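Enquirer: Before anything else, here's the structure in question.
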Amino acid sequence: MEKILITGAAGQLGLELTNALITKYGAKNILASDINSKSAEKFQSVKFISLDATDSDKIKELVVSEGITQIYHLAAILSAKGEDNPLFTWDLNMKSLLGVLEAAREYKLKVFWPSSIAVFGKDTPRENTPQNPGMVPTTVYGISKQAGEQWCNYYATKFNVDVRSIRYPGLISYSAEPGGGTTDYAVDIFYKAKENKKYTCFLSEDTRLPMMYMPDAVRATLNLMEAPGTAIKTRTSYNISGISFTPRELSEAIKEHIADFKISYQPDFRQDIADTWPKSINDEVAQKEWGWTPEYNLQQMTADMLKNVKLKS
Ligand code: AKB
């Protein structure tokens, strides 16, 4: 039986993946962790521990004491927030990954680790971005994800560690808000649309970015982790495509439900980051190797978000 440790379980992706893993493997086989001990309240049905993901000794200790067989290592600082403190971001993102990979080598664990479209940069073709183009990332988060992909590939080829990864686009969900990303506007906008029918966007109206609705992202992750090892030929990280849209197109989709919704634009430093990222992603390799295909389009995602977003009291 699998026993799964999740780091960064209280984050936007963490909460949803934890729930999906509980459904798949049963609550008693899941150990949720996050650095913030207050996050415990988010995990009623599953064991939770407060864990600094850079503490590699503690991770190894847990692997032994809890009989862990898989780690979903999600803890990281994202693109926009990472720029506030580049060295700390590098340290946290890399140290935690290397600790997990070492534990995986020693105890033969299976690992999932998220990469990001932030690995791409100014030299990358921005339309239909291929799996292996030139990549010179422009944020410390992107640099850490790019280097992390190489480390994953190294551990997979040199030590036979079964580590699998996806380059997520911007993720959109209603259970937990994202924290510190360049794509966060695509979640914030739904809260503001429901709260007071207007939103000031920190990206310009025509900034097209790759995004994905959370149910697709969770399904992609589980499908990748379930695929036979022989099918997984890419051990850096897989491109996957969902929905690409601009803030203007998203606002138009919202207006189909809230006719008097208004959007204005005040681009800030996040615009410079977005301008180096792809507009759309080519995911032929993921399609071919493990059968990836998205389900949600812009209209379906928008209707579902507006139905489910709950305003904070
Ligand atoms: C961010 O904007 O930093 C993240 C990402 C695309 O990895 N959502």
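The numbers here are math on the coordinates, done by the rules we state, and not lab data. Note that the coordinates shown come from a computational prediction; the quantities given were computed from them, not determined experimentally. Note: ideal-geometry Cβ built from the backbone for every residue, glycine included; neighbour counts use all protein chains shown.
Enquirer: Where does helix 86-107 land angle-wise versus the long Cα axis of the chain, in degrees 0 to 90, nearest 10?
Expert: Helix 86-107 sits roughly 40 degrees off the main axis of the chain.
Enquirer: Can you tell which of Leu13, Val63, Ile30 lies farthest toward the positive end of the dipole of segment 1-106, using +1 and -1 charges on the Cβ of basic and acidic side chains (Lys, Arg; Asp, Glu)?
Expert: Result: Ile30.
Enquirer: For Lys192, list the aspartates and glutamates whose Cα falls under 12 Å from its own Cα; do not include residues on the same chain fewer than 8 positions away.
Expert: Leaving aside aspartates and glutamates fewer than 8 places away in the same chain, none come within reach of Lys192.
Enquirer: Using only Cα atoms, tell me the angle between helix 140-159 and the longest principal axis of the chain; keep it within 0 to 90° and round to the nearest 10.
Expert: 30
Enquirer: If you don't mind, there's one more thing I want to ask. Residue separation times 0.36 nm, minus the C-alpha to C-alpha distance between Ser37 and Asn308: what's the value?
Expert: On the way: separation 271, 0.36 × 271 = 97.56 nm, distance 2.69 nm.
Full extension of this stretch gives 94.9 nm more.
Enquirer: List every residue whose amide H lies under 5 Å from the amide H of Ile49, counting only residues 5 or more places away in sequence or on a different chain, with H placed 1.01 Å from N in the peptide plane.
Expert: HN-HN under 5 Å from Ile49: Ala32, Ser33, Asp34.
Enquirer: To the nearest 10 degrees, how steeply does helix 298-308 sit against the main Cα axis of the chain, on a 0 to 90 scale?
Expert: That helix lies at roughly 80 degrees to the long axis.
Enquirer: Taking H placed 1.01 Å from N in the peptide plane, check which residues at least 5 places from Ser115 or on another chain put their amide H under 5 Å from its amide H.
Expert: Here the answer is Ile166, Arg167, Tyr168, since their amide H atoms fall under 5 Å of that of Ser115.
Enquirer: Reachable aspartates and glutamates from Lys24, Cα under 19 Å, same-chain residues fewer than 8 places away excluded?
Expert: Glu2, Glu16, Glu66, Asp216, Glu226
Enquirer: Could you work out the helix-only [θ] at 222 nm for the chain, with each DSSP H run of four or more residues adding -39,500 (n - 2.57) and the total divided by the number of residues, to the nearest 500 deg cm²/dmol? Spell out each step's value before the answer.
Expert: On the way: 11 runs with 129 residues, N = 313.
So the calculated ellipticity at 222 nm is -12500 deg cm²/dmol.
Enquirer: Can you work out the Karplus-derived ³J(HN,Hα) for every residue in segment 130-136? Use 6.51 cos²θ - 1.76 cosθ + 1.60 with θ = phi - 60°, whole Hz, and x for glycine or proline.
Expert: x, 5, 10, x, x, 9, 10
Enquirer: Please check which bits of segment 75-101 a label hung off Glu61 would reach, taking the label as a point 7 Å along Cα-to-C-beta and the cut-off as backbone N under 20 Å.
Expert: So the set is 75, 95-101.
Enquirer: With each pseudo-label sitting 7 Å past Cα toward Cβ, what's the Gln44-Lys288 distance in nm, one decimal?
Expert: 4.7
Enquirer: Using only the C-alpha atoms of the chain, find the volume of their convex hull and express it per residue in Å³.
Expert: Normalising the Cα hull of the chain by residue number yields 123 Å³.
Enquirer: Right, another one. My understanding is that a pair violates if its Cα-Cα distance is over 21 Å; which of Lys58/Lys233; Lys81/Lys255; Lys110/Lys279; Lys81/Lys145; Lys108/Lys288 do that in this structure? Don't jump to the answer; show the numbers that get you there.
Expert: Working: Lys58/Lys233 31 Å; Lys81/Lys255 30 Å; Lys110/Lys279 32 Å; Lys81/Lys145 15 Å; Lys108/Lys288 27 Å.
With Cα atoms farther than 21 Å apart: Lys58/Lys233; Lys81/Lys255; Lys110/Lys279; Lys108/Lys288.
Enquirer: Report ³J(HN,Hα) in whole Hz for each residue of segment 257-273, in order, from the Karplus equation J = 6.51 cos²θ - 1.76 cosθ + 1.60 where θ = phi - 60°; Gly and Pro get x.
Expert: 10, 10, 4, 9, 5, 10, 10, 10, 10, 9, x, 10, 4, 5, 4, 4, 5
Enquirer: Between segment 31-58 and segment 202-266, what is the separation of their alpha carbon centroids in Å?
Expert: After rounding, the separation between the Cα centres reads 28 Å.
Enquirer: Normalising by the residue count of the chain, find the relative contact order in percent from Cα pairs under 8 Å and 6+ residues apart. Provide the component values of the computation, followed by the final result.
Expert: Details: 620 pairs, mean separation 57.5, N = 313.
Rounded, it is 18 percent for the chain.
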